[in-house]
Structures are given as C-alpha cells and as structure tokens.
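Have a look at the structure below before the remarks.
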Amino acid sequence: YENGIGVEANLTKAGDWYVRAALNGKVEAQYRIGQMHESGDGLERNMKKALVWYGRAAEQGWPAAEYRLGQVYSQGVDIAKNDLQAEIWLRRAARNGITEAQYLLGEMLFYVSIPPHNNAAAYMWMRAAASLGHVKANKKRRIYAIFMTPNQLVEGEELFLDWQAERKAKASTK
C-alpha cells in the first residue's frame, strides 16, 4: 500500500499493515512505524510514539533506528535534548557501521560535555568515518588533532586500530 504496487497507494493502510507486522516482531516494520509517526505520513504525528517504535527496532539491533534515536536525542527533536541517550544510541549505530553516526558521535565527544570528555575517542570515530568514505570526517579529524596532545593522538590511533580489528573480525564471522 505504501508504494501503490498492484494497489492504489494508501499510507494509512500501509501504516495499519506495518503495525501488524511490527507487533509480530518485524524490525523493519517497527522502524518504518517510527518514521511514519515522526513524519505524520500514514500515522498520527507523535514523536513519543516514534521513539517507542525506533526503540523497539534499535533494541533488536537495527542500525538505522539506533542512529535515528541518537540524532533525535542529540538535537532535541520534539523532545528534551539528552546527550547521554544520544551517545548510547550513536555509539551502537557507529559500531554497526553507520558513518553518519560515527561522525556525529565524534562531534559530540569533542564538543559536547559528555562525561568523560574524550578527545581520543572523538578522533577515533572521525578516523573510522573517514575510513568508510565520510568526506567531512577526515577534515574534522585533522582539525581535532591540532587541539590534542601527542598522547591523545596515540590513544586515538590505538582506538581506531582496535575498532578496525573488531570490524574485520565481525565481517569474517558473517
């Protein structure tokens, strides 16, 4: 119903079908319901409900839902800004290879006072995003390096190498 393939497009009916699938544990449907509640397309616009559905999908390891939760909490989109929740969800999405999450997490760790403030980790996430093709991340990483101590730079590189090894190990088990 959403795209009108074989039937007339109808976002309200699509929302109903997504809800049925989501209640049966279908993670993609849970994420899509979150999007629909956030936008108001096919379902009532309701950010609290969107967060519930994004949360269900994220708890099942859906990286796009983890990233969206991190974004929403970091920006305070129709809810109170919550840097701690933003970091938790962005870190999960970043570890799952979402380059935009890596970039945003790097920015948060460098600029926002998330205890503990960690320049080495910020550098590492920018390096990770750059290694996966994020254009702005490499420039940011070089800027961060200007403000870091030599020990922080070494730590950031070590964290990156650990992340890279973890990523390769994860890929080889698939």
Exercise. Just to be sure, is Val135 out of contact with any Leu (no Cβ under 7 Å at 6 or more places or on another chain), among the β-branched types (Val, Ile, Thr), open to solvent by 50 Å² or more (accessible area, probe 1.4 Å) and at pLDDT 95 or above?
Worked result: no
For this session: Kindly indicate which of Ala128, Ala121 is within 19 Å of Gln71 (Cα to Cα) and within 16 Å of the chain's Cα centre (by Cα).
Result: Ala128
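Rundown of residues vs (1) surrounded by fewer than 21 Cβ atoms within 10 Å (Cβ to Cβ); (2) closer than 17 Å to Ile79 by Cβ; (3) among the polar types (S, T, N, Q); (4) at pLDDT 95 or above, yes/no style:
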| residue | (1), (2), (3), (4) |
| --- | --- |
| Val19 | yes, no, no, no |
| Asn24 | yes, no, yes, no |
| Arg32 | no, no, no, no |
| Asp41 | yes, no, no, no |
| Glu44 | yes, yes, no, no |
| Val52 | yes, yes, no, yes |
| Glu59 | yes, no, no, yes |
| Ala65 | no, yes, no, yes |
Exercise. Does the stretch 93-114 hold any residues that are assigned to a helix (DSSP H, G or I) and among the hydroxyl-bearing types (Ser, Thr, Tyr), and which are they?
Worked result: Thr99, Tyr103, Tyr111
Exercise. Does the stretch 94-112 contain at least one residue that is among the small types (Gly, Ala, Ser), surrounded by fewer than 19 Cβ atoms within 10 Å (Cβ to Cβ) and under 30 Å from Ser39 (Cα atoms)?
Worked result: yes
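I need the helices (runs of 4 or more DSSP H) fully contained in the stretch 1-92, keeping only those with at least 1 residues that are touching a residue at least 24 places away in the same chain (Cβ under 8 Å) and polar (S, T, N, Q).
Of the helices (runs of 4 or more DSSP H) lying wholly inside the stretch 1-92, those with at least 1 residues that are touching a residue at least 24 places away in the same chain (Cβ under 8 Å) and polar (S, T, N, Q) span 11-23, 27-39, 63-75.
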Exercise. Which residues, taken from the stretch 96-130, are hydroxyl-bearing (Ser, Thr, Tyr) and modelled with pLDDT of 95 or more?
Worked result: Thr99, Tyr103, Tyr123
For this session: Please find, among Lys139, Lys170, the residue that is free of Cβ contacts under 8 Å to residues at least 40 places away in the same chain, over 21 Å from Glu87 (Cα atoms) and within 19 Å of the chain's Cα centre (by Cα).
Result: Lys170
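The values are calculated or read from the model by the stated rules, or taken from the named source; none is laboratory data. Everything numeric here is computed off the predicted structure, so don't read it as measured data. Note: ideal-geometry Cβ built from the backbone for every residue, glycine included; neighbour counts use all protein chains shown. For the accessible areas, the whole protein counts, side chains as well, though only heavy atoms, and no ligand, DNA or RNA atoms are used. Shrake-Rupley method; radii C 1.70, N 1.55, O 1.52, S 1.80 Å.
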